[in-house]
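Data first, discussion second: the structure below is written as structure tokens.
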Amino acid sequence: MGGPVLTRYTIPNTKGIRLHVAVAADLHEEAGEAALALLRQAEPELILLPGDILERIVPPADLSWADIQQRYRQARFPAAEQRLRPRMDVLRRRRRPKPQERHGLDFLRQAAQIAPTYLSLGNHEFYLQPQDLLDLSDAGGILLDNRAVTVYTRDGAAVRLGGLSTCPDGDWLVGFAAAPEFKLLLCHHPEYYEPLVRPTGIELTVSGHAHGGQIRLLGHGVYAPGQGSLPKYTKGVYDGGRLVVSAGLHSTAGLPRWGNPTEVVLVDLVPDGAV
């Protein structure tokens, strides 16, 4: 697999927002020097990391099965518990954390020196520990875990920036969507878009997780976690510019990527009619 490519999208909006942002997803604790070089080249105003920068997929030894089930009950996502047990059986067999390498934190630290960097949590960061939260903050990243902040464009326009967790809070999402500003949401899971995000009218959501469909044939991905075979949302711009899905920087699948380069995504938001 070669290095990442720089993929650019220009998306018009009716609120007059001009904003140049970079999206980098699914580092999975691998080395990120090539992606950082692209970020420096792009000179974004913001860097958005919608999940799976770290690898924290093995639950702590003192976390019971009842605790794990409770976390998913709180997610309020349809059929989550039905999918939970086979997923957790896989996670318990896997042992991929690489804390000695700390590539994710190193990537975050260098990204934050390029531009303000915001991240939401993905499924591989489900078991973040208190020390991880301190390390993320020390690295300069701003964690948006069912949380939002207001940021400003170069011309002073307000943008409400939020992060929907891998365990989404539906009440928080409704409140976020009610803000009058342009809303930009980090949401690791593109499969959350139709049932949870799209009905709210949020102007732009950026996602990862699908790894571009792993193998791409005729512009379509073959398989994506959370969506299964012939997935709908794998890479690109969807729903008239309301959803952008990154193919990500690495992959955890056993199969190699084919016809599917890793990528850093640049999104240029421009006022409607300016394209």
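Applying the selection to the stretch 238-266, what residues are surrounded by 15 or more Cβ atoms within 10 Å (Cβ to Cβ), among the aliphatic types (A, V, I, L, M) and touching a Pro at 6+ places or on another chain (Cβ under 9 Å)?
243, 245, 247, 249, 264, 266
Do any strands (runs of 3 or more DSSP E) entirely within the stretch 180-275 hold 2 or more residues that are in contact with a helix residue (DSSP H, G or I) (Cβ under 6 Å, 6 or more places away or on another chain) and either of a type in the set (Phe, Trp, Tyr) or under 16 Å from residue 161 (Cβ atoms) (or both), and if so, which? Step through it out loud before you land on a result.
On the way: elements: 182-187, 204-207, 236-238, 243-245, 263-271.
Here the list reads 204-207.
With respect to the numbered conditions (1) open to solvent by 40 Å² or more (accessible area, probe 1.4 Å); (2) at pLDDT 95 or above, which one is the sole condition not fulfilled by residue 230?
(2)
Out of (1) touching a residue at least 40 places away in the same chain (Cβ under 8 Å); (2) in contact with a Ser or Thr (Cβ under 8 Å, 6 or more places away or on another chain), the odd one out for residue 260 is which?
With (1) touching a residue at least 40 places away in the same chain (Cβ under 8 Å); (2) in contact with a Ser or Thr (Cβ under 8 Å, 6 or more places away or on another chain) applied to residue 260, the lone miss is (2).
Residue-by-condition table, conditions (1) at pLDDT 95 or above; (2) surrounded by fewer than 17 Cβ atoms within 10 Å (Cβ to Cβ); (3) in a loop (DSSP other than H, G, I, E, B):
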site: 1; (1), (2), (3): no, yes, yes
site: 6; (1), (2), (3): yes, yes, no
site: 11; (1), (2), (3): yes, no, no
site: 36; (1), (2), (3): yes, no, no
site: 41; (1), (2), (3): yes, yes, no
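If the Cβ limit is 6 Å and pairs must be 6+ apart or interchain, which residue in the stretch 17-31 that is of a type in the set (Asp, Glu) pairs with which residue that is open to solvent by less than 30 Å² (accessible area, probe 1.4 Å) and not in a loop (DSSP other than H, G, I, E, B)?
Hits for this filter: 29/104.
May I ask you to say which residue of 183, 235 is open to solvent by less than 40 Å² (accessible area, probe 1.4 Å) and either modelled with pLDDT under 95 or basic (Lys, Arg) (or both)? Steps first, please.
Numbers: 235 fails: open to solvent by less than 40 Å² (accessible area, probe 1.4 Å).
Among 183, 235, only 183 is open to solvent by less than 40 Å² (accessible area, probe 1.4 Å) and either modelled with pLDDT under 95 or basic (Lys, Arg) (or both).
Just checking: which of the strands (runs of 3 or more DSSP E) contained wholly in the stretch 103-179 hold 1 or more residues that are open to solvent by 40 Å² or more (accessible area, probe 1.4 Å)?
147-152, 158-164
Looking only at the stretch 9-41, count every residue that is within 23 Å of residue 188 (Cα to Cα) and of a type in the set (S, T, N, Q) and tell me the total.
Summing the residues that are within 23 Å of residue 188 (Cα to Cα) and of a type in the set (S, T, N, Q) in the stretch 9-41 gives 2.
Scanning the stretch 168-203 for residues that are hydrophobic (A, V, I, L, M, F, W, C) and within 13 Å of the chain's Cα centre (by Cα), which turns out nearest to residue 45 (Cα to Cα)?
Step one: of the stretch 168-203, the residues hydrophobic (A, V, I, L, M, F, W, C) are 172-174, 176-179, 182, 184-187, 196-197, 202.
Add one more test, that the residue is within 13 Å of the chain's Cα centre (by Cα), and what stays is 184-187.
Details: 184: 14, 185: 16, 186: 16, 187: 19 Å.
Selected residue: 184.
With respect to the numbered conditions (1) modelled with pLDDT of 95 or more; (2) open to solvent by less than 10 Å² (accessible area, probe 1.4 Å), which one is the sole condition not fulfilled by residue 224?
(1)
Would you call residue 81 at pLDDT below 90, touching a helix residue (DSSP H, G or I) at 6+ places or on another chain (Cβ under 7 Å) and over 25 Å from residue 105 (Cα atoms)?
It is true that residue 81 is at pLDDT below 90, touching a helix residue (DSSP H, G or I) at 6+ places or on another chain (Cβ under 7 Å) and over 25 Å from residue 105 (Cα atoms).
Do you know which of the residues in the stretch 13-34 that are assigned to a strand (DSSP E or B) and hydrophobic (A, V, I, L, M, F, W, C) is nearest to residue 181 (Cα to Cα)?
Checking each candidate, the answer is 19.
The values are calculated or read from the model by the stated rules, or taken from the named source; none is laboratory data. Only a predicted model underlies this, so the values are computations on that prediction, with no experimental measurement involved. Using ideal geometry, Cβ is built from the backbone for each residue, glycine included, and neighbour counts are taken over all protein chains shown. To get the accessible areas, we keep the full protein, side chains included, count just its heavy atoms, and leave off ligands, DNA and RNA. Shrake-Rupley method; radii C 1.70, N 1.55, O 1.52, S 1.80 Å.
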